[in-house]
Amino acid sequence: MKEKKSAKTYKPLQILAIGAHPDDVELCCAGTLARCIQRGDKVTIALACRGDSASMDLPGDKISSIRSREALHAARVLGAELIEMGMSDYGVDLTLQAKQVFSDVIRQTAPDVIFTHYHTDYGSDHNNTFVLVRDAALAATVGNFRTSRPAVSKSPLIYMWEPLAGYGFQPEIYVDITETFSRKVKMLNCHRSQREWFRRRGGVDFLDYIEVVAKFRGYQSGVRFAEGFIPLKNWANIGARSVLP
């Protein structure tokens, strides 16, 4: 009598979510990151900017300090590590130095998967973050591209998250976040300064916003709440295969 083969053991992944500003990751992929943690993956959140411009009342150093604490609190709610790159808002430029900083983060975390901005998002910080992630993911594997850390041996899969209001974005992959939507809300509630900023600047409550978007993507994919992504498809990253929950 033949023995039954045991179920294949899941091998946890290293997940890296890189956002331009504090709260970008929470707005766009926190439900999916929570699903990843549920299945045993290790998640790191990396922030390019300090968030020093998003206040009508406080100077840059004060609001950036507040936002750093908010980001750390949100990462702890998720159970993720946090890396802050320390660039100024509107200071994510396409330079060699910036590419080295991004490559260092990728070398530090050696991710199997990176989540980041859509390639036609709004604002230079968002758009340039995408370009730097795309280029640094390859540069991080090149031994003679010098940074403070040694090269990694693999290029990660890269998934682009939905930009605010979804302009020009039609997901190719959906992740059911019905069970983790409350965690996404809890993480965003950590960003109190930005919830107020959203309300005062544009009259938008981002807790209402994320629920509307998650419901809409849920309707598209047959679940209550969902987040949508587009994989980056190029030779270096070969993102057509999905490893998402």
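The values are calculated or read from the model by the stated rules, or taken from the named source; none is laboratory data. All figures in this text were calculated on a predicted structure; none of them were measured in a lab. We place every Cβ from the backbone using ideal geometry, glycine too, and count neighbours over all the protein chains shown.
When region 88-125 is limited to residues that are buried (at least 20 other Cβ atoms within 10 Å of the Cβ) and assigned to a loop (DSSP other than H, G, I, E, B), the one that is modelled with the lowest pLDDT turns out to be 121.
Residue-by-condition table, conditions (1) assigned to a loop (DSSP other than H, G, I, E, B); (2) basic (Lys, Arg); (3) under 15 Å from residue 29 (Cβ atoms); (4) in contact with a strand residue (DSSP E or B) (Cβ under 8 Å, 6 or more places away or on another chain):
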residue: 182; (1), (2), (3), (4): no, no, no, no
residue: 185; (1), (2), (3), (4): no, no, yes, no
residue: 195; (1), (2), (3), (4): no, yes, no, no
residue: 207; (1), (2), (3), (4): no, no, no, no
residue: 212; (1), (2), (3), (4): no, no, no, no
residue: 215; (1), (2), (3), (4): no, yes, no, no
residue: 219; (1), (2), (3), (4): no, no, no, no
residue: 223; (1), (2), (3), (4): yes, no, no, yes
residue: 227; (1), (2), (3), (4): no, no, yes, yes
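Residue count for region 29-51, restricted to those that are surrounded by fewer than 22 Cβ atoms within 10 Å (Cβ to Cβ) and more than 19 Å from residue 183 (Cβ to Cβ): 0.
Against the list (1) modelled with pLDDT under 95; (2) not in a loop (DSSP other than H, G, I, E, B), the condition residue 84 fails is (1).
Do we find that residue 75 is of a type in the set (Gly, Ala, Ser), in a helix (DSSP H, G or I), crowded, with 16+ Cβ neighbours inside 10 Å and in contact with an Asp or Glu (Cβ under 8 Å, 6 or more places away or on another chain) in this structure? It is true that residue 75 is of a type in the set (Gly, Ala, Ser), in a helix (DSSP H, G or I), crowded, with 16+ Cβ neighbours inside 10 Å and in contact with an Asp or Glu (Cβ under 8 Å, 6 or more places away or on another chain). When region 131-173 is limited to residues that are among the aromatic types (Phe, Trp, Tyr) and under 27 Å from residue 110 (Cβ atoms), the one that is surrounded by the fewest Cβ atoms within 10 Å (Cβ to Cβ) turns out to be 145. Taking into account only those residues within region 195-245 that are surrounded by fewer than 12 Cβ atoms within 10 Å (Cβ to Cβ) and among the hydrophobic types (A, V, I, L, M, F, W, C), which is nearest to residue 182 (Cα to Cα)? The selected residue is 212.
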